[in-house]
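Data block below; observations after.
Throughout, read-outs are computed from the coordinates displayed, never taken from laboratory work. All values reported here derive from a predicted model rather than from experimental measurement. Don't worry about glycine lacking a Cβ; one is built from the backbone with ideal geometry, like all the others, and counts go over all protein chains shown.
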Amino acid sequence: MARRTDPCGAGFDAERLARLDAFIEAEVAARRLPGAALGIVRGGASVRLDAFGTRDPRTGAPMTTDTLFWPASMTKPLTAAPPGRSCSSRAGS
């Protein structure tokens, strides 16, 4: 587990992080998203680790920061993003 650090000390704006929380909470309240786990790491240190909503809408079981997710069809974009990012950063060189 990454060590924890103060978000402001890691270069994050507390107001912008609060807006992120508000956005996720609004999506959960509007039932467009049952729940979410949010993790932000910078420089090997955990800046944020929070859970919102439920992990199972049928039972109401709360989302936790260690809830396991089934990636299903999301594996393609997740595995394509790092090589694509690498290529785009080289193109600007």
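Observations, loosely collected:
- Karplus-derived HN-Hα couplings along segment 35-51 (A = 6.51, B = -1.76, C = 1.60, θ = phi - 60°), whole Hz, x at Gly and Pro: x, 7, 10, 10, x, 10, 10, 9, x, x, 10, 6, 8, 9, 8, 9, 10
- 3J(HN,Hα) from dihedral phi, segment 8-14, Karplus parametrisation 6.51/-1.76/1.60, rounded to Hz, x for glycine, proline: 5, x, 8, x, 9, 8, 4
- R0 of 30 Å, Cβ-Cβ distance Cys8-Thr65: FRET efficiency to nearest 0.05: 0.90
- Sparse packing (at most 11 other Cβ atoms within 10 Å of the Cβ) combined with a DSSP loop state is found for the following trypsin sites (Lys or Arg not before Pro) in segment 1-56: Arg31, Arg32.
- Reduced Cα scattering model of segment 5-71, Debye log10 I(q)/I(0), q = 0.13, 0.20, 0.22 Å⁻¹: -0.41, -0.85, -0.95
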